[in-house]
1. Filter the range 19-45 down to residues that are in contact with a strand residue (DSSP E or B) (Cβ under 9 Å, 6 or more places away or on another chain) and either surrounded by 15 or more Cβ atoms within 10 Å (Cβ to Cβ) or closer than 24 Å to Thr110 by Cα (or both), then give me how many there are.
2. Pairs under 7 Å by beta carbon, first residue over 15 Å from Ala81 (Cα atoms) and in contact (Cβ under 8 Å) with a residue 12 or more places away in the chain in the range 175-194, partner hydroxyl-bearing (Ser, Thr, Tyr) and assigned to a strand (DSSP E or B), six or more apart or different chains?
3. Being within 14 Å of Val242 (Cβ to Cβ), in the same structural domain as Gly200 (by TED's automatic domain parsing), of a type in the set (A, V, I, L, M, F, W, C) and without any contact (Cβ under 8 Å) to a residue 24 or more places away in the chain is the requirement here; does Phe137 meet it?
4. Residue by residue through the range 292-312, note down the ones that are farther than 17 Å from Pro262 by Cα, assigned to a loop (DSSP other than H, G, I, E, B) and not basic (Lys, Arg).
5. I need a count of the residues in the range 279-333 that are surrounded by fewer than 16 Cβ atoms within 10 Å (Cβ to Cβ) and either at positive phi or aromatic (Phe, Trp, Tyr) (or both).
6. Mind checking which strands (runs of 3 or more DSSP E) fall wholly inside the range 153-228 and carry at least 3 residues that are out of contact with any Leu (no Cβ under 6 Å at 6 or more places or on another chain) and under 19 Å from Leu315 (Cβ atoms)?
7. Output the qualifying pairs, or none if there are none: Cβ atoms under 7 angstrom, residues six or more apart or on different chains, first residue in the range 152-173 and closer than 14 Å to Leu221 by Cα, second residue in a strand (DSSP E or B) and of a type in the set (Phe, Trp, Tyr).
8. Restrict the check to the range 16-38 and report whether at least one residue is in contact with a helix residue (DSSP H, G or I) (Cβ under 8 Å, 6 or more places away or on another chain) and free of Cβ contacts under 8 Å to residues at least 40 places away in the same chain.
Amino acid sequence: MDSATLSIIKVLAPFNSMTEQQFDAVMAEGKVTQKARGTLIFKRSTADDYLYWLIEGSINLLDANFNTSVCRAGDQQASDAMDGCSPHRVSAVCNEDSLILAVNRASLNTIVENREESDSNDETKDWMSALLSTPLFEFIPPKNIQSLFKHFEQVDHQKGDIVIRQNDPGDYFYAIRSGRVKVVLEKDGANIRIAELGIGDTFGQDALVSDDLRNATVTTLSACTLMRLAEPEFEELLMEPVIEYVDQTDIEEISKLTGAKPVIIDLRPLDNSNQSKYPGSINIPLLLLRKNITQLSKDNVFIMVGQKTPKIAELGAYLMNERGFTAYVLASD
């Protein structure tokens, strides 16, 4: 398997949260094959010992009513296994010549379960230290950090518990003290696993920052101990220090100090971006920002713009600062 193919696989779930040793163990069980256009990958209503990921090309997925959706390599839908159910709920047929990864379901489950057990028993990893080491906490004053840990509330969950559900209102921010969770997006009838999180990782902030509904469902993969922070404390202690607003005068001052113009990112969907009133801005819809954030340069200063409801500019700036970038929100006119 060549290095380019391996690099693509490593960003897919659940491989993106594995250690090198675990990834190598899975790849030893996996097989990548080139499939011609029209090839049937799997058939609806049949049991299957394998899971399949799309590496290159595109696949037609046909349901019981012969409705067809297209899964394309690089799309969010292709970030996890194609229809991981057994028996399959849909049939998968190559829409063009495509590269497919197949991994034995039982072997993958064994490796994942061993990882979860190892994570749960890892007493040497301190969730507080992991949390505090993130770039986000460079923005947080020491007094806020002290108050933060006083306000955290511990909640315990069993394996398979739903912690937050897509489209529910936001109420808490979570940090993982022990165990693992999966983040799943339901879109067009498909459940797309977009991330797996472990000790020291956080979730639940998107809805609190944007004042929008939950954008994914989070389910425990093992017994978990979570630390949660109610919305008012999250806004006061975490959100307010991280999100800073600037106006045109501030942007000009930033340009003088850095010697370069800040990069203005319009986070609105593509169908609205043509109406942007921000000359020189680039359009990266919020969903694409999260997916492609590592391609941006931390040498730049970023200014985020977007509609007022939901607050996508605030969420974009939070996500950027959380990952070590320097990002501000353009104040409303």
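1. Qualifying residue count for the region: 12.
2. Correct list of pairs: Ala175/Thr202; Arg177/Thr225; Ser178/Thr225; Gly179/Thr220; Gly179/Thr225; Val181/Thr219; Val181/Thr220; Asp188/Ser69.
3. Working: within 14 Å of Val242 (Cβ to Cβ): yes; in the same structural domain as Gly200 (by TED's automatic domain parsing): yes; of a type in the set (A, V, I, L, M, F, W, C): yes; without any contact (Cβ under 8 Å) to a residue 24 or more places away in the chain: yes.
Yes.
4. Gln307, Thr309, Pro310
5. So the count comes out to 2.
6. In the range 153-228, 181-187 are the strands (runs of 3 or more DSSP E) which contain 3 or more residues that are out of contact with any Leu (no Cβ under 6 Å at 6 or more places or on another chain) and under 19 Å from Leu315 (Cβ atoms).
7. Final answer for the pair search is Val163/Tyr174.
8. Taking every residue of the range 16-38 in turn, at least one turns out to be in contact with a helix residue (DSSP H, G or I) (Cβ under 8 Å, 6 or more places away or on another chain) and free of Cβ contacts under 8 Å to residues at least 40 places away in the same chain.
The values are calculated or read from the model by the stated rules, or taken from the named source; none is laboratory data. Note that this is a predicted model, so its numbers are computed, not measured. Positions of Cβ are backbone-derived with ideal geometry, glycine not excepted, and every protein chain shown enters the neighbour counts.
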